[in-house]
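Read the structure below first, then the notes.
The values are calculated or read from the model by the stated rules, or taken from the named source; none is laboratory data. These numbers come from a predicted model, not from an experiment. A quick note on method: Cβ atoms are made from the backbone with ideal geometry, for glycine too, and the neighbour counts reach across all protein chains shown. Remember, those area values only see protein heavy atoms, side chains included, never the ligands or the DNA or RNA. Shrake-Rupley method; radii C 1.70, N 1.55, O 1.52, S 1.80 Å.
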Amino acid sequence: MILITGASGNVGKAMLHEVARKEPRFRGMYRSKEEAAKAPAGCEAVLADFSDKASLRKAMDGVAAVYVVCSPIPQLVELESNVIDACKESGVKHVVLNSALGAGDYGKSFPSWHRKVEEKLKSTGLSYTILQPNGFMQNIVAFYAPSIRKEGAFYQAMGDAKVSHIDIGDVAVVAVKSLYAGEHAGKTYQLLGPEAVSNEELAKRISKVAGRTVRFVDIPESAQRDAMLGLGMPEWQVKALLELQQYYRQGGGAKTDGLLKSLLGHDPATIDQYLQANAKEFRDQAASA
Ligand SMILES: NC(=O)c1ccc[n+]([C@@H]2O[C@H](COP(=O)([O-])OP(=O)(O)OC[C@H]3O[C@@H](n4cnc5c(N)ncnc54)[C@H](OP(=O)(O)O)[C@@H]3O)[C@@H](O)[C@H]2O)c1
């Protein structure tokens, strides 16, 4: 039996969709009954919390492989470590960990938290595969589309930094293949999208698919900090996001290579395909009416 944690989240939902193509029955871990009620066909929903070890052991009963993902919160290290301990205690055979690009070479922000979990996992002696994806394409709609719809612009302290965004669906394909261990056991994969683009370039591409002029406005880091705090975001999150952008400005997210394509066995989703599929998200009401 395969267990997908974080089943209500962005990556978790994509994982359920992908596992369903391979397995008639599998298990998804949820925290709330409301989310569990949305489990897709074939998914046996279990209720558990990463902070409740007894619930984790119940969820892992009879499970051979576990996919571990948690929200990017400061408690991630402790919570995912609990999951790894429960895997060990429950006799799980293989663990696939959703980490992040930079866990290997950036000592700040979310990557530094993921690094600690990677080290924990390696120390247990469990069979593992670690996935270090670059920024998700889905962030573009989640974070940029609201101000694009409203003002025709998105704002970030990113300068001309390039990022090779990856589609969550491609992360899920690699993650599901990795759950069966085999050649993926003991591997750490940096998952990079097929093309690195700057926000200036992204604005041009969005303009094309949306049929309206979209601008990227490079703002000072202090202005972005004030804007995020003004929106009510907690201090820790603002700090982590700005430090992640510093990593990008240093060129950390600009790499591309052929690994993703070879792991998928086909071409990865491109940024243009993603933008085309989500074109309506960037149009204002007048334009989309
Ligand atoms: N966004 C990016 O570009 C990017 C790139 C690389 C790596 N990552 C990493 O990918 C992960 C984010 O994935 P995502 O977007 O799928 O996150 P998400 O949508 O926030 O989903 C996180 C999942 O974790 C669950 N969860 C949180 N706390 C839990 C707890 N105490 N017990 C049980 N479940 C718990 C959530 O359940 P509830 O629904 O109940 O809260 C949810 O199902 C992060 O670790 C992030 O650092 C993100």
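Okay, residues lined up against (1) under 30 Å from V19 (Cβ atoms); (2) open to solvent by 50 Å² or more (accessible area, probe 1.4 Å); (3) in a helix (DSSP H, G or I):
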position: E200; (1), (2), (3): no, yes, yes
position: S207; (1), (2), (3): no, no, yes
position: R212; (1), (2), (3): no, no, no
position: A227; (1), (2), (3): no, yes, yes
position: E243; (1), (2), (3): no, no, yes
position: A254; (1), (2), (3): no, no, no
position: H266; (1), (2), (3): yes, yes, no
position: A269; (1), (2), (3): yes, no, no
position: D272; (1), (2), (3): yes, yes, yes
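Which residues, counting only those in region 30-48, are within 9 Å of the ligand (Cβ to nearest atom), more than 16 Å from V68 (Cα to Cα) and open to solvent by less than 40 Å² (accessible area, probe 1.4 Å)?
Within region 30-48, S32 is the sole residue that qualifies.
For region 1-10, enumerate the residues that are near the ligand (Cβ under 9 Å from one of its atoms) and open to solvent by less than 10 Å² (accessible area, probe 1.4 Å).
T5, A7 - these are the residues of region 1-10 that are near the ligand (Cβ under 9 Å from one of its atoms) and open to solvent by less than 10 Å² (accessible area, probe 1.4 Å).
Is it fair to say Y274 is touching a Gly at 6+ places or on another chain (Cβ under 8 Å), of a type in the set (F, W, Y) and closer than 21 Å to A161 by Cα? Break it down into steps so the answer makes sense when it comes.
Details: touching a Gly at 6+ places or on another chain (Cβ under 8 Å): no; of a type in the set (F, W, Y): yes; closer than 21 Å to A161 by Cα: yes.
When the stated conditions are applied, Y274 does not pass them.
Within region 274-289, which residues are modelled with pLDDT under 95 and part of a helix (DSSP H, G or I)?
Across region 274-289, the qualifying residues are Q285, A286, A287, S288.
Here is a list of conditions, (1) among the small types (G, A, S); (2) farther than 16 Å from S99 by Cα; (3) within 15 Å of the ligand (Cβ to nearest atom), and A157 meets all of them except one; can you say which number that is?
Only one criterion is unmet by A157, namely (3).
Please find, within region 56-80, the residue that is farthest from the ligand (Cβ to nearest atom) out of those that are outside any loop (DSSP other than H, G, I, E, B) and open to solvent by less than 20 Å² (accessible area, probe 1.4 Å).
So the residue we want is A65.
Among the residues of region 233-286, write down those that are touching a His at 6+ places or on another chain (Cβ under 9 Å) and farther than 21 Å from Y144 by Cα.
Of the residues in region 233-286, the ones touching a His at 6+ places or on another chain (Cβ under 9 Å) are 253, 263, 271, 274.
Scanning region 233-286 gives a single hit, L263.
Test Y189 against the stated conditions and say whether it is open to solvent by 60 Å² or more (accessible area, probe 1.4 Å) and touching a residue at least 60 places away in the same chain (Cβ under 8 Å).
Working: open to solvent by 60 Å² or more (accessible area, probe 1.4 Å): no; touching a residue at least 60 places away in the same chain (Cβ under 8 Å): yes.
The answer is no for Y189.
Considering only region 139-173, state which residues are polar (S, T, N, Q) and over 15 Å from V197 (Cβ atoms).
Across region 139-173, the qualifying residue is only S147.
Consider H114 carefully, then state whether it is surrounded by 15 or more Cβ atoms within 10 Å (Cβ to Cβ), within 8 Å of the ligand (Cβ to nearest atom) and not small (G, A, S).
On the way: surrounded by 15 or more Cβ atoms within 10 Å (Cβ to Cβ): yes; within 8 Å of the ligand (Cβ to nearest atom): yes; not small (G, A, S): yes.
Against the criterion (surrounded by 15 or more Cβ atoms within 10 Å (Cβ to Cβ), within 8 Å of the ligand (Cβ to nearest atom) and not small (G, A, S)), H114 qualifies.
For region 142-166, enumerate the residues that are open to solvent by less than 30 Å² (accessible area, probe 1.4 Å) and not small (G, A, S). Show your work before the answer.
Initially, region 142-166 is screened for residues open to solvent by less than 30 Å² (accessible area, probe 1.4 Å), giving 144-145, 147-148, 152-154, 156-159, 161, 163-166.
Hits for region 142-166 are Y144, I148, F154, Q156, M158, V163, H165, I166.
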